[in-house]
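Report on the structure given below.
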Amino acid sequence: MANRSRHATAVAAGALALLGALASCGTESGGAGSSPRPSASAGRPAGDSPHSAVPSDAAGSTNDRSPVSAGHTDRPVSRCRTAELSAAVGRVDPGAGQRNFPVVLTNVSSRTCTLYGYPGAAFVDAAGERLGRDPERTPGDPATVTLRPGASAWAGLRYASPGVSGARTATPAALLVTPPDERDPLKVPWKAGAVPVSGNASSVFLTVLQPGTGP
């Protein structure tokens, strides 16, 4: 029994040694039992690193959804601010017992801006006190006026000639012009004489702004 056991043990040891030799041989030759590794350059041009690919949603990619691309400096056009404008009163255009003036706003800034609707206007004396009532708005169709630097828009200022209407008058020192949607006015010296401030037919009228410097 002991001889048979020793013989079985020797056979088993020989079988294990043979299997080990076969496994070693297969690994060295790349055959069965090997774990081949892919080439580092497979699927990439020579010289590329495994991490050279950039995700499609990375910054600077063609799929960037940023509303302003890199280096883009244009700004959305917004309304003209008082500080970006100058105001002037054009030459009188008399007719049919009325006096008509273009009130002109000019873009003196370095950017493009817009005006929409009616300006505000008020006659004032040398002390800055208002003379007469607020001007009334003449019915019209407001439209956005886009002003590039140096461009102008105008609104008509109209009132009945005091010599015809018989209204009580005063001579203003200035006309305060307020751009649409702004609070700060622009002060324009008034050199066109007396204006109606009370009584019959003393109303002053304004039209909507439109491009240009007058009719």
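Consider all pairwise Cα distances in segment 108-169 and report the whole-number % of them above 15 Å.
67 percent
Test of understanding: what is the full-extension gain from residue 171 to residue 126, defined as 0.36 nm times their sequence separation minus their Cα-Cα distance?
This chain segment gains 15.2 nm when fully extended.
Mind giving me the nanometre distance, one decimal, between the label points for residue 213 and residue 143, set 7 Å out from Cα along Cα→Cβ?
If labels sit at residue 213 and residue 143, their model points lie 2.2 nm apart.
Determine, from the Cβ-Cβ distance of residue 109 and residue 198 and an R0 of 35 Å, the FRET efficiency 1/(1 + (r/R0)^6), rounded to the nearest 0.05. Could the numbers behind the result be given before it?
Details: r = 38 Å, r/R0 = 1.10.
After rounding to 0.05, the efficiency reads 0.35.
Express the C-alpha Rg of segment 88-215 as a ratio against the empirical globular expectation 2.2 N^0.38 Å, rounded to two decimals.
Here the answer is 1.04, to two decimals.
Based on the mean of other Cβ atoms within 10 Å per residue, sort peptides 148-155, 185-192, 203-210 so the most packed one is first.
Result, highest mean first: 203-210, 148-155, 185-192.
Since every read-out is calculated from the coordinates, none of them should be taken as a lab result. Computed from a prediction, not measured in an experiment: that's the story for all the values here. No Cβ is skipped: glycine too gets one built from the backbone with ideal geometry, and neighbour counts run over all protein chains shown.
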